[in-house]
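Working notes, structure below.
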Amino acid sequence: MRILSLFFLFITLSLESSSQTVSYHLSMPEPHTHYFHVDINLVRFSEDSVDIKMPVWAPGSYLVREFSKSVENFRLDNGSSKMINKNTWRIYPNGNSVKISYDVYAFEMSVRTSFLDESHAYINGTSLFMYIAEKKELPTTLEITPPAYWKKVSTSLERTSDKTFSYKAPDYDVLVDSPIEIGNHIEFHFDASGVKHNVAIYGKGNFEIEALKIDMAKIVESCTNVFGENPNKNYVFIIHNLTNGSGGLEHLSSTTLQVNRWGYQTGRNYESFLSLVAHEYFHLWNVKRIRPINLGPFDYDSENYTNLLWLCEGFTSYYDELLLKRAGYYDSEKYLRKLANTISRVENQPGNKLQPVTEASFHAWIKAYRPNENSKNTTISYYSKGALLANALDLIILENTNAEKNLDDVLRVLWNEYYKKQNRGFTDKEFQTAVEQVTGKKLDNFFLNTVSGVETIDYKTYFSYAGCELLDLNDGAENVKLGASTTIKNGRLMVTRVYHGTAAYNDGLYVNDEIVAINGYRVADNDMTTLVDNHKAGDVLTLTLSRDGIMTEIKVTLQNDKNVNYRIVPIDRPTEKQELIYKKWLSE
């Protein structure tokens, strides 16, 4: 009898839990004040208390941002509440249903946050919508009430009414992974890879819609070809045309891109826009579906650590340029020049010799998004270094499979095994195993010394597989280098960065020093380069400085400039295998 009672109690609680509903209502009655108003209705929550939380970060942007700092006027229509930590409110409903209301100040225009003014509204869900602790799996609905003079809402959320801006999501994760643009923006669509793509553009710019339809479709098809299938039926691009763009952020079925409003003309600026489109669209697969096991399901309360951001962002950075080559926007010469520039940039950064990309990935939360004047000396970007490691693995696979396979095949293994078959993320070891499975060769040394260590990538060997040489245009040059970056501030030449191992670093030049004179000659504006270039290695310069308002002098012994300036050049007489690998690599 006791067992039967417990059984019925369990069934009752299960039915009660399954019938719980969470609905959101979003309004913005005074857009010029930058305040959103959010109502959350909880129905059939019979618990004595319920914890409701505001996320502290936005997935895809690995920094704790403390979104609760912008919450004001938290209140209930019945019951009571108290805040128990920085992002959690404990509510005590008076009955089994309760409406929670709060306001959010939103005036940071970025892809990671929400923004509201009299011209439009943009919502990145984690910065706006709270969630019920331990109940993120519950289906949700969202109703949006914009000001009467705004007629459009663009989002990848499923619409449930033709008459109102009403939407639904299968759970909280999807709700907040679906950014929303509200206002009177431009909308158009195109079809590519069997998917309808909707584009919402806020802000004036020199774009041409018909050109965007063609070019963005090419990017979509190039990305889809890597994996052989597209996981979406519909996809939304939200594009903000601004004076200063801030990049993009990937989502499950959409992305937000913030770009320079005049960056659509042909040439380098437009190529950068298309590269950004390719980068964020490629994340549909890499990160949003094939992902490190630590990145999902998300813990919105704290940091989600992984060693594999160099795969998430680095591989995507490799492909965002390679796909433009495959789509015909670059010829081989331009692509190789861009790749060589990335190598030069990485190898010229002192931190590359100190921080492995696995550590850069793990420390993203405390270092990547909080750089200071010494960061170049101690860190490396998991974007750019990860792209170079992806390139190395691509060439290794091509060499060991006689150009029958490449890095695409690794991504397809991850897609089919971990996303489609097991529906989970993969571990560091499982990723290495997938690479070795495609390569047909153990790569312990590469992963231990080059990925998890700071051993220099063996560019010479890897490029030789494709019949290419890596040439340093600075080889043999006798340029000198002080080793400091400067800027003009209020008419004064100020030191902004000092590089490890250089003359400036070794002889005691500080960040925030004002350089007044060199060898007794007044430094006018930024003519320091001219005064330094007239010397040779071993010469001693006397720098007159103002340091915190106190005049001082230091002596600096100049050194040769050790920076590299690489170019990748095909050799004159490649072997048949080298030609085969080159063509497969660059899709010629």
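Just so you know, all these numbers are worked out from the coordinates, no wet-lab data involved. Keep in mind the model is a prediction, meaning the values are calculated, not measured. Methodologically, a virtual Cβ is constructed for each residue, glycine included, from the backbone with ideal geometry; neighbour enumeration extends over all protein chains shown.
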- So what's the gap between the Cα centers of the stretch 123-176 and the stretch 505-569, to the nearest angstrom? 56 Å
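In what sequence do Met28, Met83, Met109 fall when counting other Cβ within 10 Å, fewest first?
On the way: Met28 22, Met83 12, Met109 16.
The fewest-first ordering by Cβ neighbours comes to Met83, Met109, Met28.
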- Set the Förster radius R0 to 25 Å, insert the Cβ-Cβ distance between Lys163 and His189 as r into 1/(1 + (r/R0)^6), and round the FRET efficiency to 0.05. 0.70
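Starting from the eigenvalues of the Cα gyration tensor, five times each then square-rooted, give me the equivalent ellipsoid semi-axes of the stretch 17-183, largest first, whole Å.
On the way: eigenvalues 114, 67, 48 Å².
Output for the stretch 17-183: semi-axes of 24, 18, 16 Å.
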- Message: Please list, by residue number, everything in the stretch 178-198 whose backbone N is under 19 Å from a paramagnetic label point 7 Å out along Cα→Cβ of Glu229.
- Response: 192-196
- Of all chymotrypsin sites (Phe, Trp or Tyr not before Pro) in the stretch 323-422, the ones in DSSP coil with at most 15 other Cβ atoms within 10 Å are Tyr369
- Sites Glu478 and Lys442, calculated FRET efficiency, Cβ-Cβ separation with R0 35 Å, nearest 0.05: 0.20
- Query: Using a simple charge model, +1 on the beta-carbon of Lys and Arg, -1 on the beta-carbon of Asp and Glu, nothing else, what dipole does the stretch 186-282 show about its Cα centre, in debye to the nearest 20?
  - Reply: 200 debye
- Check the straight Cα-Cα distances from Lys152 and name the lysines below 16 Å, setting aside those fewer than 8 residues away within the same chain. Lys163
- Message: If you average the alpha carbon positions of the stretch 305-383 and of the stretch 439-490, how far apart do those two centres end up, in angstrom?
- Response: 12 Å
- In nm, to one decimal, how far is the modelled label at Ile366 from the one at Trp262, with both set 7 Å along Cα→Cβ? 4.3 nm
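Report the net charge of residues surrounding Thr496, where surrounding means a beta-carbon distance below 13 angstrom and charges are Lys +1, Arg +1, Asp -1, Glu -1. Spell out each step's value before the answer.
Working: positive: Lys376, Lys489, Arg492, Arg497; negative: Glu373, Asp513, Glu514.
So the surrounding residues net to +1.
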- Note on the structure: In the chain, taking the dipole from +1 charges on Lys and Arg beta carbons and -1 charges on Asp and Glu beta carbons about the Cα centre, the listed residue (Leu580, Gln422, Asn348) farthest towards the positive end is Gln422
- Query: What are the aspartates and glutamates whose alpha-carbon lies under 12 Å from the alpha-carbon of Lys334, with same-chain residues fewer than 8 places away excluded?
  - Reply: Glu271, Glu321
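Sort Ser302, Ser166, Ser222 by Cβ crowding within 10 Å, fewest neighbours at the top. Could the numbers behind the result be given before it?
Working: Ser302 11, Ser166 18, Ser222 24.
If I rank by nearby Cβ atoms, fewest first, I get Ser302, Ser166, Ser222.
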- Task: State which entries of Lys168/Lys288; Lys213/Lys405; Lys136/Lys367; Lys288/Lys421 exceed 22 angstrom in Cα-Cα distance in the structure shown.
- Result: Lys213/Lys405; Lys136/Lys367
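So which DSSP H runs in the chain come out at 20 Å plus along the axis (Cα) with average Kyte-Doolittle of at least 0.0? Spell out each step's value before the answer.
Working: long enough: 2-18 (24 Å, 1.44); 209-227 (28 Å, 0.69); 268-282 (21 Å, -0.21); 332-347 (22 Å, -0.80); 384-400 (24 Å, 0.84).
Span-like helices here: 2-18, 209-227, 384-400.
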- Query: Which of the lysines could a cross-linker bridge to Lys562, judged by Cα under 17 Å and excluding same-chain residues fewer than eight apart?
  - Reply: Lys353, Lys376, Lys481, Lys536
- Item | Helix-derived mean residue ellipticity, 222 nm - over the chain, DSSP H n ≥ 4, -39500 (n - 2.57), to 500 | -8000 deg cm²/dmol
